[in-house]
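Working notes, structure below.
The values are calculated or read from the model by the stated rules, or taken from the named source; none is laboratory data. Every value quoted in this text rests on a predicted model; they were computed, and no experiment measured them. Don't worry about glycine lacking a Cβ; one is built from the backbone with ideal geometry, like all the others, and counts go over all protein chains shown.
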Amino acid sequence: MKLTRIGLVALGATLAVLVLTTSRAAAHKAKHTPEQLKVFEEIFMEQVKVGDLLFHGDEATQKKLDVRLSRTGMACAMCHPFASDVHPHEFPKFQEQIAEFATLRDMINWCIEKPNEGERIDPDSKAMKALEAYVYWSNKGSSLDPGRH
Amino acid sequence: MDENQRERDELRKELEGGGERPDRSLGVTRRVFLHRSLLAGAAGAATYGWFPLVNTLDLTLGAQAGFKFAWVSDTHLYPRDVNTRFVEKAVRAMKEVQAMGPPADFLIFGGDLAQLGDPVELDLGNDLLKEVKLKKVFIPGEHDWYLDLGAKWTKLFGQPNWTFDHKGVRFVGLDTVSRGPDYWTAKKMTPKERMGHMATLDGSVAGAWAGVGRDQLEWLNRTVSGWPKDRPIVIFSHNPLYEYYPPWNFWVRDWREVQEILKPFGSVTNVHGHTHQVLYNEIGKMRSIGMLATSWPWPYAPTGVPALTRCMTRADPGDPFDGVGWSRLAMSSAGKVENEYVMWRKDVLGEREVDSGCADNVNQILQSRVADREWPYYGAYK
């Protein structure tokens, strides 16, 4: 009798796990609606625009995100129109100027600190993610070529 | 020895300093590299390895004596307390021009003296230019113009287009910046907003602003119409007089009309700024040579680099004196003009693929920016 009760509890627990797992799996397998995709795209493009503004030295956006990317008047786009010559698809790599194996975020911070004489930003900050979004979006279609000098 | 000569000698001694000396076998130095880019088409390509170095132009000067002139442009000065590096580089260029031996007959300043057209910036530039005691002529850049539509610039430097004859050569200065379509009135932009959009090379708001304009084309036509067809013309412009990359206004929109006017002449050389990079092109009998900036180098555009261009070296962003400089241009008594890029710190040309500013970018695909496509425009330098 005792064993039967334990068996029932175990069976119930197993069923509960199965039900939960199945329902979660079903959520993942649900087809994406056009509305969902539009929202995903909008969220991404909003960050691209914020990154575009930062990249072009927009004061209001820097203030809003509490960053100071330059003290020389220079903006990233002045050396990198259309985010050219940034080569996000070549990172990570040994970066000559830093003399270290570096990520794109490392290099963005180097540019902020050295040529632009600005203040380094938190690599996980909203500003960094937005800059990264703009740079990648601008170079969309470029083939991955990590490590290329 | 007069005072000027003594000053030149002292400056030259100081500026040349120690370090590497000319390699006699090549006749070039690493610090001051001659860009003999092409003798003529395929012949130039054949000599690519060892004779790459000068834009050698066959000009018919007859018995006229040779002479030199200097080009400086694109200093993009901010007020002195905002950016000292650009000031340092402009000063260096002016001192080196003044120290040329034999001296240049004149200096052409090719536009973009200021960054945002601020009278403080233009006054600063005007002060720095006083270092050069030679004859000076000026053409405007878009950064000089669009805060007050040229009021301060013309007050300091006069008419933006002009012509003069010198030792058998007709020199023409063109204004390629002031005739931009009005993108500001309907949007009720402030002068600073107007200037901000103009100052954004990869922005779309200012549109195809680079142009010569119908009235100036007529003036150009009148200016050259009486000139003998076999005599040289050198035409200075801020923008290149051909189509390189319109999205960054690396062109003038009416370049075909300019070419048409100059077509009958046997020897036309266009010397231009704006692009901040080594460029060389030929269309018909017109040759175009792109000048370095003193401020910073632009990357080569994703398309449209002329096939005759030998690309400059990849600049080191950690060295503010790399990838920038000015030019000595010499017109010899033998009838040739040579352009000598004076780039600081490094060789001018990227001889190997890994060092070339063009080859470095072959693996990138780019698209134009997005934030300035919407109204009200973002990022308008409020």
Taking the stated definitions as given, is residue B:175 part of a loop (DSSP other than H, G, I, E, B), within 25 Å of residue B:368 (Cα to Cα) and among the charged types (D, E, K, R)? no
Considering only segment B:352-371, how many residues are in a loop (DSSP other than H, G, I, E, B), facing chain A (nearest Cβ under 7 Å) and of a type in the set (A, V, I, L, M)? 3
If a residue has to be more than 11 Å from chain A (Cβ to nearest Cβ) and more than 15 Å from the chain's Cα centre (by Cα) to count, how many in segment B:98-117 make the cut? 10
Any hit, segment A:40-60, residues being over 20 Å from residue B:364 (Cβ atoms), within 11 Å of chain B (Cβ to nearest Cβ), hydrophobic (A, V, I, L, M, F, W, C) and assigned to a loop (DSSP other than H, G, I, E, B): no
Looking at (1) among the aromatic types (Phe, Trp, Tyr); (2) surrounded by fewer than 24 Cβ atoms within 10 Å (Cβ to Cβ); (3) over 23 Å from residue B:84 (Cα atoms), find the lone condition where residue B:321 falls short. (3)
Return only the number of the condition from (1) more than 14 Å from residue A:128 (Cβ to Cβ); (2) more than 8 Å from every other protein chain (Cβ to nearest Cβ); (3) part of a helix (DSSP H, G or I); (4) in contact with an Asp or Glu (Cβ under 9 Å, 6 or more places away or on another chain) that residue A:77 does not satisfy. (2)
Of all residues in segment A:87-124 being closer than 23 Å to residue A:72 by Cβ and part of a strand (DSSP E or B), which is farthest from the other protein chains (Cβ to nearest Cβ)? A:102
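Let's see how each residue does on (1) at pLDDT 95 or above; (2) within 30 Å of residue A:144 (Cα to Cα); (3) of a type in the set (Asp, Glu); (4) surrounded by 10 or more Cβ atoms within 10 Å (Cβ to Cβ):
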{"site": "A:4", "(1), (2), (3), (4)": "no, no, no, no"}
{"site": "A:23", "(1), (2), (3), (4)": "no, no, no, no"}
{"site": "A:31", "(1), (2), (3), (4)": "no, yes, no, no"}
{"site": "A:39", "(1), (2), (3), (4)": "yes, yes, no, yes"}
{"site": "A:51", "(1), (2), (3), (4)": "yes, yes, no, yes"}
{"site": "A:60", "(1), (2), (3), (4)": "no, no, no, yes"}
{"site": "A:85", "(1), (2), (3), (4)": "yes, yes, yes, yes"}
{"site": "A:106", "(1), (2), (3), (4)": "yes, yes, yes, yes"}
Residues that are crowded, with 22+ Cβ neighbours inside 10 Å, at least 3 per element: which strands (runs of 3 or more DSSP E) completely within segment B:102-168 meet that? B:106-109
For segment B:221-297, which fully contained strands (runs of 3 or more DSSP E) count at least 2 residues that are polar (S, T, N, Q)? B:268-272
Do we have any residue at all in segment B:321-334 that's hydroxyl-bearing (Ser, Thr, Tyr) and in a loop (DSSP other than H, G, I, E, B)? yes
Give the residue that is surrounded by the most Cβ atoms within 10 Å (Cβ to Cβ), with candidates limited to residues of segment B:304-318 that are away from chain A (no Cβ under 11 Å) and not small (Gly, Ala, Ser). B:312
Please specify each residue of segment B:200-218 satisfying the condition of being in a helix (DSSP H, G or I) and buried (at least 20 other Cβ atoms within 10 Å of the Cβ). B:216
Which of (1) crowded, with 22+ Cβ neighbours inside 10 Å; (2) over 23 Å from the mean Cα position of the chain (by Cα) does residue B:197 not meet, given it meets every other one? (2)
Output for Cβ contacts, cut-off 6 Å, separation at least six or different chains, first residue within 13 Å of chain A (Cβ to nearest Cβ) in segment B:179-201, second of a type outside the set (Phe, Trp, Tyr) and in a helix (DSSP H, G or I), reads B:199/B:143; B:201/A:81
Apart from one, (1) away from chain A (no Cβ under 14 Å); (2) at pLDDT below 90; (3) in a loop (DSSP other than H, G, I, E, B) all hold for residue B:337; the odd one out is (3)
